[in-house]
1. Identify, please: which residue in region 112-152 is out of contact with any strand residue (DSSP E or B) (no Cβ under 8 Å at 6 or more places or on another chain) and part of a helix (DSSP H, G or I) and is, among those, most open to solvent (accessible area, probe 1.4 Å)?
2. I'd like to know if region 2-16 contains one or more residues that are in contact (Cβ under 8 Å) with a residue 60 or more places away in the chain, open to solvent by 90 Å² or more (accessible area, probe 1.4 Å) and in a loop (DSSP other than H, G, I, E, B).
3. Looking only at residues in region 74-94 that are out of contact with any Asp or Glu (no Cβ under 7 Å at 6 or more places or on another chain) and more than 23 Å from Y20 (Cα to Cα), which one is surrounded by the fewest Cβ atoms within 10 Å (Cβ to Cβ)?
4. Return the only residue of N28, N60 being of a type in the set (S, T, N, Q), surrounded by 12 or more Cβ atoms within 10 Å (Cβ to Cβ) and either in a loop (DSSP other than H, G, I, E, B) or under 18 Å from the mean Cα position of the chain (by Cα) (or both).
5. Can you confirm whether F74 is in contact with a Cys (Cβ under 7 Å, 6 or more places away or on another chain) and of a type in the set (A, V, I, L, M, F, W, C)?
6. Quick check on region 155-185: of everything there that is touching an Asp or Glu at 6+ places or on another chain (Cβ under 6 Å) and β-branched (V, I, T), which residue is farthest from V121 (Cα to Cα)?
7. Taking region 159-185, which residues are touching a residue at least 24 places away in the same chain (Cβ under 8 Å), open to solvent by 70 Å² or more (accessible area, probe 1.4 Å) and within 20 Å of the chain's Cα centre (by Cα)?
8. Go through the residues of region 153-174 one by one and say whether even a single one is in a strand (DSSP E or B) and closer than 27 Å to Y18 by Cα.
Amino acid sequence: MQTFQLSRFTERLIVRPYQYHDYVNWFNQYSSRKPSVHLYDEGQVDMSMCTEQWFYDLVNRHQGMAKEDSLYVFGVFNKSDHTHLGVIDVSTLMRENFHWGRIGYTIHNQHWGKGYGTEAVKEVLRLAHRELNYHRIEAHINLDNSASIALAKKAGMQYECVRKGFIHEFGKWTDNLIYYSQSNE
């Protein structure tokens, strides 16, 4: 299988698809998360099922979805010591005449407050527009997720609207803010 290997370097970060050799780094950083500090902070997670084989299968699934143009998953790594800092994904909502996608982002809470999220999201937006040919990328954000709203704004995304009853979560249909980035081409 031809692998998806689109990598980017920023001043402090490497943004790239996961590789098999990332397992220990990935596992250690997920295992080192601090307790959750708000509703949208996943905090500490149960890693008991995340074996090396499980991770290899995950990397293979990511590769398959990239090949299908349905989802692109990028690990975020510190350039100086290669510490895994988080993950950003871009999913295809529609191609044809739209070239429309959605971005999601998570930085491990032990690495918050250093601007890694903003730096990584800016780079993935550039990559999504220039290399993956998305015209429009949206972030779908809960109304009270102030951290995600701040990151979207800092990354240069523009507020568009509130989509009413947009996603089913927490046992009900909830509203989402829509922030977007659009290619000039």
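The values are calculated or read from the model by the stated rules, or taken from the named source; none is laboratory data. Just so we're clear, the structure is a prediction, and the values are computed from it rather than from any experiment. Reconstructed Cβ throughout: ideal geometry from the backbone, glycine too, with neighbour counts over all protein chains shown. To get the accessible areas, we keep the full protein, side chains included, count just its heavy atoms, and leave off ligands, DNA and RNA. Shrake-Rupley method; radii C 1.70, N 1.55, O 1.52, S 1.80 Å.
1. R130
2. Within region 2-16, one or more residues are in contact (Cβ under 8 Å) with a residue 60 or more places away in the chain, open to solvent by 90 Å² or more (accessible area, probe 1.4 Å) and in a loop (DSSP other than H, G, I, E, B).
3. M94
4. N60
5. So F74 does not fit the description; no.
6. V162
7. F166, Q182
8. no
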